[in-house]
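Read through the structure below, which is laid out as structure tokens, and then see the notes.
The values are calculated or read from the model by the stated rules, or taken from the named source; none is laboratory data. Please read all numbers here as calculations on a predicted model, not as lab measurements. Glycine gets a Cβ as well: all are built from the backbone with ideal geometry, and neighbour counts include every protein chain shown.
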Amino acid sequence: MFVTPKSYLSFIASFKSVYGSKLAELEEQEGRVKLGLEKLADAAEEVKKMEVILAEENKKIQEATEHTEKMLKELEIEKSKAETKRSEVQAIADDCQEKQETIERETAEANKDL
């Protein structure tokens, strides 16, 4: 088999054609890889921002929890004070009820005698 100038030029033309198509395929793949890497980098930045926001929100939640626990303790103290006061008032009311019954009995006896 002899290599003629015409066959050599045909070989070079087909090589250029194949080279061009392979180059285009590689450039397309490179573009996809670059796009994917950009999206990963953007996602990493978003995750960092969200971590900062999450830390701030966790701090707010912790503060709110502490405030709520403090209020709950204060409410429990106030409840116990109110229970004590209610017991005192109930004792006074029971005493007054006894006195009222005694007075009514004595009044009834006094009216009977009259």
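Points to keep in mind about this one:
- Pairs meeting the criteria (first residue in segment 86-101 and without any contact (Cβ under 8 Å) to a residue 24 or more places away in the chain, second residue in a helix (DSSP H, G or I) and of a type in the set (S, T, N, Q), beta carbons under 8 Å, at least 6 apart or on different chains) are lacking.
- Boolean, K112 is among the basic types (K, R), surrounded by 10 or more Cβ atoms within 10 Å (Cβ to Cβ) and assigned to a helix (DSSP H, G or I): no
- In segment 21-37, the residues that are under 42 Å from the mean Cα position of the chain (by Cα) and either of a type in the set (G, A, S) or not in a helix (DSSP H, G or I) (or both): G31, G36
- Meets criteria (basic (K, R) and either at pLDDT below 95 or loosely packed, with under 10 Cβ neighbours inside 10 Å (or both)) for K99: yes
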